[in-house]
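K.L.:
Before anything else, here's the structure in question.
The values are calculated or read from the model by the stated rules, or taken from the named source; none is laboratory data. Since the structure is predicted, the reported quantities are computational estimates derived from the model, not experimental observations. Glycine gets a Cβ as well: all are built from the backbone with ideal geometry, and neighbour counts include every protein chain shown. Surface areas here come from the heavy atoms of the whole protein model, side chains and all, with no ligands, DNA or RNA. Shrake-Rupley method; radii C 1.70, N 1.55, O 1.52, S 1.80 Å.
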Amino acid sequence: MTKFSKLSEQLLEGIGGLNNITYITHCATRLRVSYRSKELLKMELLENLPNSSGIIALAGTVQVIIGTDVHDAYNEFIEYTGWSESETSAEIVNESEEVQSYEKRDFQYYLLKFSNFIAPIFMPIIPALITGGMILAIKNLLVNYFGVSIDSGTAQWMLNIFDAAFKFLPIYIGYTMAQQLKMQPIMGAMLGAVLISPTFESGLIPDIFGFLVPQVSYRSTILPVILGVALMYFVDKGLKKVLPKTLSYFLKPLLTMIIVTPVVLILLAPAGNLLSGYVADFVLWVSNTLGIIALPLLSMIYPYMVMFGLDKGLHPIALELLDKLGYNPVTIVIGFISNICIGATTLALALSMKDKAQKATAVSSGITALCGVTEPAFYGQLISHPKCMIGHAVGALCAGLFAGFFHLKTFVHGGCPGWLTLLFFVDQNGNINYVLIAIVTALIGMIVSFFATCIILRRAGKLENNKKFSNEVIN
């Protein structure tokens, strides 16, 4: 019996059986299982899953909070259930929309549905982006401070790894988005490859059928391939209806590429690239005009964005900012501030605990949060002590104001920002100015959150003791 055997068994029963599952995926710390019917869920089983820190059931998906071992839990659950993506799974997803029609479809519902759609597209590529970003930062430090020549084989080797992670983003995103849309993933990857192929980038395709093809580089971009795969989905769906099954295996991919690629290269990809520029300009305007206000506010509410999975919707914005501006002044910064404050708040809570086992668990969760993984701290500790979140908010406010004033920004993309990801703040020239600003920001967040939480818990304890004393006097 392995670590997640009991979890897999109980989760399958709690979710309502294999036939009630429409999709299984995971992010950095959560196993996500989408279901057909809410009526079949057994919440008592789901809320007491072994080796988990709790669940979140929202918008047709149960999110099981695992932690850094989520990939192992995902693989074991897949193996245990025997679930796999197939044509039938796509049919089940369509049916699930009808089954869940009784659920309230307000703004929050659609926001969560969007987040649940985005997460499986971007989360699988985050490890590659973290690796590429960190190694670029190391390369810049070696060149800037340790005398390594920028033309040396060592520097070029590191740059090669960075290019592999970021320059080929259209291929990765094309694959994962096609997979999410229940198409052949390789066709999405192929469309991404078309956008960055040497033939196209060399300017050898000035027109198609007489229509002008804008000569734009799509390396490191995401919106062009997203728009292209979206078109491919509808073309694929239409061809599936008209082509005989005996010819579909050969003709459908061929006709799909013949129909889709001209439209993408002539219209959709240039439009996506233009839209990316507008997104970057807007975020830059917000950062420049409202940064000192926006950063603290966003840092304060970031844990709740993570709770509902809305933080996953920030990945496209972050990547577009890095592609267009060369830096990101918002999304990773607010995660960095919030995660640090969550860790300090949890350590303050641990200090107030008398039970040694509970205290040890809280300390472990707090340290993990300082390193960038906050789910064990947030769900395992702070949710049951909501007053502590006031301490987090105060710390995030102060740290956010400091970061906004000094225009803190990151230069690579990744996940789980915390003390272990300070290399995100090394700029393109290898300078550590923003690293120093990040360190001071983190220290402000830690100190203020810790002492604010201690004061809040002490006052809460005094009020509770006063109430007990009053009750004893009355009795």
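K.L.:
If GLY203 meets every condition in (1) open to solvent by 70 Å² or more (accessible area, probe 1.4 Å); (2) in a loop (DSSP other than H, G, I, E, B); (3) not hydroxyl-bearing (Ser, Thr, Tyr) apart from one, which number is that one?
P.N.:
Only one criterion in (1) open to solvent by 70 Å² or more (accessible area, probe 1.4 Å); (2) in a loop (DSSP other than H, G, I, E, B); (3) not hydroxyl-bearing (Ser, Thr, Tyr) is unmet by GLY203, namely (1).
K.L.:
Tell me, which residue of region 238-253 that is touching a helix residue (DSSP H, G or I) at 6+ places or on another chain (Cβ under 6 Å) and hydrophobic (A, V, I, L, M, F, W, C) is farthest from ALA189 (Cα to Cα)?
P.N.:
The residue in question is LEU243.
K.L.:
Here is a follow-up. Quick one: would you say PRO124 is closer than 22 Å to TYR233 by Cα, modelled with pLDDT under 90, touching a Ser or Thr at 6+ places or on another chain (Cβ under 7 Å) and surrounded by fewer than 20 Cβ atoms within 10 Å (Cβ to Cβ)? Even if it seems obvious, please write down each step before you answer.
P.N.:
Working: closer than 22 Å to TYR233 by Cα: yes; modelled with pLDDT under 90: yes; touching a Ser or Thr at 6+ places or on another chain (Cβ under 7 Å): yes; surrounded by fewer than 20 Cβ atoms within 10 Å (Cβ to Cβ): yes.
Yes; evaluated as a whole, the condition is true for this residue.
K.L.:
Yes or no: region 139-146 includes at least one residue that is open to solvent by less than 10 Å² (accessible area, probe 1.4 Å), out of contact with any His (no Cβ under 7 Å at 6 or more places or on another chain), modelled with pLDDT under 85 and among the polar types (S, T, N, Q).
P.N.:
Checking region 139-146: not a single residue is open to solvent by less than 10 Å² (accessible area, probe 1.4 Å), out of contact with any His (no Cβ under 7 Å at 6 or more places or on another chain), modelled with pLDDT under 85 and among the polar types (S, T, N, Q).
K.L.:
Among the candidates PRO270, PRO296, which residue alone is in a helix (DSSP H, G or I), touching a helix residue (DSSP H, G or I) at 6+ places or on another chain (Cβ under 6 Å) and surrounded by 15 or more Cβ atoms within 10 Å (Cβ to Cβ)?
P.N.:
Numbers: PRO270 fails: touching a helix residue (DSSP H, G or I) at 6+ places or on another chain (Cβ under 6 Å).
Selected residue: PRO296, the only one of PRO270, PRO296 that is in a helix (DSSP H, G or I), touching a helix residue (DSSP H, G or I) at 6+ places or on another chain (Cβ under 6 Å) and surrounded by 15 or more Cβ atoms within 10 Å (Cβ to Cβ).
K.L.:
Still on this structure: For region 207-261, what are the residues that are open to solvent by 40 Å² or more (accessible area, probe 1.4 Å), under 30 Å from ASP323 (Cα atoms) and part of a helix (DSSP H, G or I)?
P.N.:
Selection gives LEU227, LEU231, TYR233, PHE234, ILE258, ILE259.
K.L.:
Another question, if that's okay. Could you please let me know if ILE161 is among the aliphatic types (A, V, I, L, M), farther than 18 Å from LEU255 by Cα and surrounded by fewer than 20 Cβ atoms within 10 Å (Cβ to Cβ)?
P.N.:
Details: among the aliphatic types (A, V, I, L, M): yes; farther than 18 Å from LEU255 by Cα: yes; surrounded by fewer than 20 Cβ atoms within 10 Å (Cβ to Cβ): yes.
So ILE161 passes the test.
K.L.:
Where the second residue is crowded, with 19+ Cβ neighbours inside 10 Å and aromatic (Phe, Trp, Tyr) and the first is within 17 Å of LEU319 (Cβ to Cβ) and lies in region 223-239, which pairs have Cβ atoms under 7 Å and are six or more apart or on separate chains?
P.N.:
Matching pairs, first to second residue: PRO224/TYR218.
K.L.:
Looking at THR410, THR361, THR441, THR368, which one is within 29 Å of LYS139 (Cβ to Cβ) and modelled with pLDDT under 90?
P.N.:
THR368
K.L.:
Hey, another quick one. Just to verify a result, which residue in region 44-63, among those that are touching a Leu at 6+ places or on another chain (Cβ under 9 Å) and assigned to a loop (DSSP other than H, G, I, E, B), is nearest to PHE378 (Cα to Cα)?
P.N.:
This residue is SER52.
K.L.:
What are the pairs, 6+ residues apart or on separate chains, where a residue within region 382-396 that is among the β-branched types (Val, Ile, Thr) has its Cβ under 8 Å from a residue that is modelled with pLDDT under 90 and outside any helix (DSSP H, G or I)?
P.N.:
Here the result reads ILE383/GLY54, each pair linking region 382-396 to a residue that is modelled with pLDDT under 90 and outside any helix (DSSP H, G or I).
K.L.:
Out of ILE367, ILE340, report the one residue that is in contact with a helix residue (DSSP H, G or I) (Cβ under 9 Å, 6 or more places away or on another chain) and either closer than 19 Å to ASN116 by Cβ or touching a residue at least 60 places away in the same chain (Cβ under 8 Å) (or both). Full working, then the answer.
P.N.:
Values: ILE367 fails: either closer than 19 Å to ASN116 by Cβ or touching a residue at least 60 places away in the same chain (Cβ under 8 Å) (or both).
Result: ILE340 is the single residue among ILE367, ILE340 that is in contact with a helix residue (DSSP H, G or I) (Cβ under 9 Å, 6 or more places away or on another chain) and either closer than 19 Å to ASN116 by Cβ or touching a residue at least 60 places away in the same chain (Cβ under 8 Å) (or both).
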